[in-house]
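What follows draws every value from the coordinates through simple rules; no lab data is involved. Since the model is a prediction, treat every value here as computed from it, not as a measurement. Cβ coordinates were reconstructed from backbone atoms using ideal geometry, including for glycine residues, and neighbour counts include every protein chain displayed.
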Amino acid sequence: MPIKMWLHDMNPSMKFIVVIVSMLTLAWFFNPWTPFLFFIGIILFQAVFSQLNWRLWGLLMIPIAFTAIGYLWTTIVFAADTSGEILFSWNGWTVTDQQWETSLSLAFRVFAFSAMSFMFALTTDPVKFVMSLMQQLRLSPKLAYGVMVGYQFLPVVKEEFTQIRHSHRLRGIGAEKQKWKRIVGIKRLVIPLLSSAVRRAERAAFAMEARGFTGEKREVFYEPISLNIRDGLLSVLLLILLIGCCLAGWRLS
Amino acid sequence: MSNSIIDFNEVSFRFPEDLTPIFTGVSFSIDAGERIVLFGPSGCGKSTLLHLMNRLYPSNCDGILDGSITLFHKDAVSFKPGEINQKIATVFQDPESQFCMPTVEQEMAFTLENFGHISRLEMESRITNTLSTLGLTHLRKATIQTLSGGMKQRVATACALLMEPEVLLLDEPLAHLDPLTARQYVEWLNELQVSKSMTIVVVEHRLDLWGTFFTRAIHVSGSFLTEDNPVSSAVAFPKRSSSMEEEVIFEAHQISISINNQRLLQNISMQLHRGEIAVLAGPNGCGKSTFLKTICGIYNKSEGSINCVGHLPGYVPQSPEHLFVTQRVSDEIRFSNHSSNEQISDIMERLLLDEIQDAHPFSVSHGQKRRVVIGAMLADQRPVLLLDEPTSGQDESALLELFYLLDLQAKEGISILIVTHDMSFAKAIADTIYLMKDGELTGRFDTYHFWNQTALLSDHQLVAPVGDYSYAY
């Protein structure tokens with residue numbers, strides 16, 4: 001397997017656990033360096049081990065960047081803790097080094113968390129993820145296949161949504177000039193969508209049960225999701241990165 | 001010991017929310033190798049019977065069951081959950097909602113995994129064998145969502161046959177297929193039954209597409225009579241005299257439409273006279289619905305012109321509830337506010353909507369929903385009605401109701417354009433037939449000179465109505 005495919009091929013449950021552990025750990029660090037270094041680390045990690053669509057990644061990062069700047073700005077302006085040395089002041093606003101550090105830390109945290117989420121989302125096949133949750137983490141098959149059915153329904157529901165919108169257009173709904181009227185009109189779309197979704201869900205449940213699905217834990221899987229040394233290696237590398245960033249942040253601040 | 005594998009003895013069944021049982025004292029038995037059809041109108045309880053055979057009922061609906069059901073000489077109650085489904089497999093009517101996995105192979109594996117004791121190697125060989133006996137090997141890695149309705153039904157059948165069941169139950173398997181696809185499916189099923197010698201039980205409200213497939217019919221409504229070798233007969237529609245007048249009230253001229261740089265319709269011209277009923281037919285995906293949506297103003301046309309007396313045509317979608325925007329039937333009719341009070345009460349009366357005027361539009365029956373939509377369109381002062389697949393999945397009485405309803409509207413001077421695959425309905429009601437293929441109109445025919453052109457029909461995925469099939473030459 002080419003090294004560029006490793007992250008895509010990694011066991012989804014393992015990847016999921018590593019991402020959750022990293023997030024929970026990062027939450028305890030309030031210096032700007034730890035999230036910053038981790039953010040850079042994750043980008044490098046993806047560059048080495050995955051075939052990332054950087055264009056898409058960049059686009060996804062745009063709203064994140066806005067959020068981060070928003071955090072930075074509001075934390076500087078409305079900080080509760082105004083102790084520490086004054087870095088600069090302007091028109092009666094003062095910014096202390098404490099304030100500046102917390103703000104930067106929050107902003108980079110947004111970046112680090114998003115980079116990690118995108119790493120997971122962009123390299124994981126949702127079907128494999130659910131199957132892996134069932135196989136490795138003992139998620140109940142009832143829930144797992146419930147999610148799968150929902151996933152299969154998405155395109156059907158989208159198609160139906162379009163159909164209903166078309167029909168409503170005929171009655172002069174959805175073509176209103178005012179934005180707020182259109183938003184209020186969404187309520188009208190939801191009822192027919194829900195009513196058909198409920199019917200469809202019942203049919204799907206019957207079809208599954210008629211094929212012997214009882215929701216019991218299963219013994220044999222046709223497509224077992226493997227857990228191998230490479231998964232361990234990637235997890236260890238990510239954890240080393242995490243610990244390294246924590247230590248570095250602690251030393252640098 | 002008798003050869004029977006399914007025995008119903010004095011069975012009564014009642015849903016917990018109903019006061020009266022859906023059927024009482026039902027007794028019949030089915031022998032191995034038979035081809036049975038449970039026949040009757042919608043809502044007569046035939047699907048319930050089917051669900052009693054595969055043990056989905058009574059446990060899934062808390063229904064109240066009296067009498068005894070014996071499956072394979074054992075009391076049905078004694079089977080563990082999922083156990084009977086290895087012997088009795090089921091295919092349902094809606095091809096869209098009986099799958100839970102993305103690809104055909106994974107879907108089949110899902111069935112095998114359910115039974116818990118099959119090794120991976122065995123799964124592999126069973127999937128390979130089933131697919132090759134059914135001639136579906138090329139679909140193994142296919143994504144189910146991308147398949148046509150007919151193929152989805154075959155995949156669903158393949159999933160059912162994986163367990164090598166002794167009985168195959170089918171719940172209106174043709175309801176969502178066009179006639180030619182349906183006929184091909186029946187032929188395919190026929191070969192399958194011959195080679196596997198299974199028992200097949202089908203729930204169906206129309207027999208005309210099944211030909212001589214069945215060895216026995218059980219009439220579910222009323223008396224539970226059985227009939228050997230049932231012959232399919234088309235729905236008997238009354239004779240209709242045309243109400244077409246000279247005046248042209250709708251004209252589409254050289255309509256073309258492109259959406260996202262894709263040419264969907266090419267130079268379509270059509271005229272409708274006052275009181276005319278026209279049918280538009282053609283294969284799935286050829287642009288029939290797109291055309292309807294274009295001439296009623298949902299889509300914007302790219303080229304061409306539409307001349308219409310008064311308002312644009314009104315559109316009745318296949319699921320009428322898509323058009324509902326209010327909480328009461330009478331508000332639904334009044335919604336657009338284009339008609340006076342007298343006109344509205346006249347419409348309500350003509351369409352028999354008075355009795356349900358305070359009901360929620362979602363809670364009335366399918367036929368009533370359609371009447372509400374038609375009422376709303378008439379109250380919008382729309383002189384032409386466009387109906388998208390109103391016949392799909394309808395039983396005989398629903399078709400007759402639709403027939404009378406449309407005939408009455410035409411007599412009132414409304415023009416009607418119907419998209420349908422049901423050629424016996426088309427034959428009974430249409431003054432004119434338009435054929436469409438690949439986004440172009442391929443011809444306009446009046447009903448007298450149309451039905452014997454078998455090649456032309458099958459070229460458009462259509463099947464001539466059964467009654468005339470034999471003496472059309």
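Here B:Glu246 and B:Gln357 are evaluated by their C-beta separation; at R0 = 45 Å the FRET efficiency comes out at 0.75. Here each label is just a point 7 Å from Cα along the line to Cβ, and for B:Leu408 and A:Ala121 those points are 5.4 nm apart. For chain A, the longest principal axis of the alpha carbon atoms and the long axis of helix A:12-26 meet at an angle near 30°. Close amide H contacts of B:Glu34 (hydrogens built in the peptide plane, cut-off under 5 Å, sequence separation of 5 or more or a different chain): B:Ile200.
In the structure displayed, which of A:Lys15/A:Lys217; A:Lys158/B:Lys293; B:Lys80/B:Lys152; A:Lys217/B:Lys74; A:Lys15/A:Lys128 lie more than 20 Å apart, Cα to Cα?
Values: A:Lys15/A:Lys217 23 Å; A:Lys158/B:Lys293 18 Å; B:Lys80/B:Lys152 29 Å; A:Lys217/B:Lys74 27 Å; A:Lys15/A:Lys128 12 Å.
From A:Lys15/A:Lys217; A:Lys158/B:Lys293; B:Lys80/B:Lys152; A:Lys217/B:Lys74; A:Lys15/A:Lys128, over 20 Å: A:Lys15/A:Lys217; B:Lys80/B:Lys152; A:Lys217/B:Lys74.
Distance between the C-alpha centres of the range A:93-109 and the range B:200-239: 79 Å, rounded to the whole angstrom. With θ taken as phi - 60° and the Karplus curve 6.51 cos²θ - 1.76 cosθ + 1.60 applied, the whole-hertz 3J(HN,Hα) list for the range A:161-171 is 4, 4, 4, 5, 4, 4, 4, 5, 4, 4, 9 Hz, x standing for glycine and proline.
Which of B:Tyr315, A:Tyr151 comes first, and how do the rest follow, when ranked by fewest Cβ neighbours within 10 Å?
Numbers: B:Tyr315 28, A:Tyr151 15.
With the sparsest Cβ surroundings first, the list reads A:Tyr151, B:Tyr315.
Considering only alpha-carbon pairs that sit under 8 angstrom and 6 or more positions apart, the relative contact order computed for chain A is 32 percent. The ranking of A:Trp73, A:Trp57 by Cβ neighbour count inside 10 Å, starting from the fewest, reads A:Trp73, A:Trp57. Summarising the label geometry, the points placed 7 Å from Cα in the beta-carbon direction at A:Ile43 and A:Met61 lie 0.4 nm from one another. Among B:Thr128, B:Thr111, which comes first, then next, by fewest other beta-carbon atoms within 10 Å? In order of increasing Cβ crowding within 10 Å: B:Thr128, B:Thr111. Phi angles across the range B:93-107 convert, under the Karplus curve 6.51 cos²θ - 1.76 cosθ + 1.60 with θ = phi - 60°, into 3J(HN,Hα) values of 7, 8, x, 6, 10, 10, 10, 10, 10, x, 10, 4, 4, 5, 4 Hz, Gly and Pro given as x.
Report the relative contact order of chain B, percent, no decimals, based on alpha-carbon pairs under 8 angstrom and at least 6 residues apart.
Relative CO of chain B lands at 15 percent.
What does a probe at A:Thr162 reach in the range B:142-173, counting residues whose amide N is under 17 Å from the point 7 Å along Cα→Cβ? Output list for this probe position: B:145-149.
Pop the C-beta distance of B:Lys196 and B:Ser223 into the FRET formula with R0 = 35 Å and round what comes out to the nearest 0.05. Please list the in-between numbers first.
Working: r = 32 Å, r/R0 = 0.93.
Computed FRET efficiency for B:Lys196 and B:Ser223: 0.60.
Taking 7 Å steps out from each Cα toward its Cβ at B:Val231 and B:Ser78 produces label points 4.4 nm apart.
Rounded to the nearest 10 degrees, the angle from helix A:229-252 to the longest Cα principal axis of chain A is 30 degrees.
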